[in-house]
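Trainee: Can you read through this structure? Questions will come right after.
The values are calculated or read from the model by the stated rules, or taken from the named source; none is laboratory data. Predicted, not measured: the structure shown is a model, and the values here were computed from it. So basically every Cβ, Gly included, is an ideal-geometry build from the backbone, and we count neighbours across all protein chains shown.
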């Protein structure tokens, strides 16, 4: 019956994978590495206040502080400053660690800037934060054309290191699901299914559908969490954040 209702593609346009990598997240629905070591923290470069975008946040409000970090990240990507990117992210992608793949790394930096600069701070009306993490998210938007309907939002994840410095973990300009109109399903059925695939009741950055591993191709590789609890294992990290850190 579900196959007759619609063809759903959980979107994989996750710019989170451009520089911020993890064991299982490359470009996932788009929802996740171990905390950075002390050695890695010590290797971070000092941020040059003269580089484009190096402005101080307007206040200590979570959104202002987080957006200042995101702005630095975009500024570094724009000028292809790998060490600058490294200084503000949780973990840089392996393609940017190897000098032999510098061209690929710079291509990713260009894409990161292109997607990120299109995002507007005022659109991020959902701000969830505590002492360990911050999530900025827009409201979900419905878009449709002649062949498909989508429900998606932009979302940015941040975590604090052991010194309480805020780092960008991941960002996705388009995180949600899309349904084909090439189906016999009624519009209400399609709309209801899109909500099922994208709703995030516990506001942890991961769709409830994914928390229950309902869409996993290989369920043995999916770590099921409780969509009613923001922090299933009670370790301080929200489920959607922790999934990106693995």
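Trainee: Considering only segment 80-92, I want to know if a residue exists there that is under 16 Å from residue 174 (Cα atoms), in contact with a strand residue (DSSP E or B) (Cβ under 6 Å, 6 or more places away or on another chain) and modelled with pLDDT of 95 or more.
Mentor: No, that holds for no residue.
Trainee: Going residue by residue through segment 119-132, is there one that turns out to be buried (at least 22 other Cβ atoms within 10 Å of the Cβ), modelled with pLDDT of 95 or more and either touching a strand residue (DSSP E or B) at 6+ places or on another chain (Cβ under 7 Å) or on the phi > 0 side of the Ramachandran plot (or both)?
Mentor: no
Trainee: Kindly provide the set of residues from segment 218-246 that are closer than 20 Å to residue 172 by Cβ and part of a loop (DSSP other than H, G, I, E, B), ordered by number.
Mentor: 222, 223, 225, 227, 230, 237, 238, 246
Trainee: To continue, here is another question. Of the numbered conditions (1) more than 17 Å from residue 141 (Cα to Cα); (2) surrounded by fewer than 21 Cβ atoms within 10 Å (Cβ to Cβ); (3) out of contact with any helix residue (DSSP H, G or I) (no Cβ under 7 Å at 6 or more places or on another chain), residue 242 fails exactly one; give the number of that condition.
Mentor: Unmet condition: (2).
Trainee: Now, a different point. Quick check on my filter: what residues within segment 133-160 are in contact with a strand residue (DSSP E or B) (Cβ under 6 Å, 6 or more places away or on another chain) and outside any strand (DSSP E or B)?
Mentor: If the condition is that a residue be in contact with a strand residue (DSSP E or B) (Cβ under 6 Å, 6 or more places away or on another chain) and outside any strand (DSSP E or B), then 138, 140 are the ones that fit.
Trainee: Next question. Just give me the residues in segment 167-213 being in a strand (DSSP E or B) and over 17 Å from residue 137 (Cα atoms), in sequence order.
Mentor: Kept after step one, since they are in a strand (DSSP E or B), are these residues of segment 167-213: 167-180.
Hits for segment 167-213 are 178, 179, 180.
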